[in-house]
1. Let me cross-check Val49: its accessible surface, 1.4 Å probe, with only protein heavy atoms counted, in Å² to the nearest 10?
2. Can you give the Rg to Rh ratio of the chain, both from alpha-carbon atoms, with Rh computed by the Kirkwood formula?
3. Counting other Cβ atoms within 10 Å, keep those with at most 11, restrict to DSSP loop, and tell me which trypsin sites (Lys or Arg not before Pro) in region 21-52 are left.
4. Express the carbon and sulfur contribution to the solvent-accessible surface of the chain as a percent, rounded to the nearest whole number, probe 1.4 angstrom.
5. Assign unit charges at the C-beta atoms only (+1 for Lys and Arg, -1 for Asp and Glu), then state the dipole size of the chain relative to its Cα centre in Debye, rounded to the nearest 20.
6. Relative to the first principal axis of the alpha-carbon coordinates of the chain, what is the inclination of helix 33-44, with its axis defined by its Cα atoms, in degrees from 0 to 90 and to the nearest 10?
7. With a 1.4 Å probe and all protein chains kept in place, how much accessible area does Tyr50 have, in Å² rounded to the nearest 10?
Amino acid sequence: MEMKRHIYSELLRWKQHAERKPLILLGARQVGKTYILKKFGENEYEHLVYINCHRNAFAESLFAG
């Protein structure tokens, strides 16, 4: 539970920064990255859109090169 609170507070700090840049969350597989970002979005924003680009050729092409 402590790790969730720590990362959540970091996400709040990012949100409150007036000149924030796009958020990129990196980490090992199966550690809760998607879970915490979905919870953050649900709790901190009125609207949430979740797009999974895994195994999607078009989505992959957007980030190629």
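1. About 120 Å², rounded to the nearest 10.
2. Across the chain, the Cα-based Rg/Rh ratio is 0.99.
3. Taking region 21-52 and a limit of 11 other Cβ atoms within 10 Å, the loop trypsin sites (Lys or Arg not before Pro) found are Arg29.
4. So the carbon and sulfur contribution to the accessible surface is 56 percent.
5. The dipole of the chain has a size of about 180 debye.
6. In the chain, helix 33-44 runs at an angle near 60 degrees to the longest axis.
7. 120
The values are calculated or read from the model by the stated rules, or taken from the named source; none is laboratory data. Quantities reported herein were computed from a predicted structural model and do not represent experimental measurements. Don't worry about glycine lacking a Cβ; one is built from the backbone with ideal geometry, like all the others, and counts go over all protein chains shown. SASA here: full protein model, heavy atoms, side chains in, ligands and nucleic acids out. Shrake-Rupley method; radii C 1.70, N 1.55, O 1.52, S 1.80 Å.
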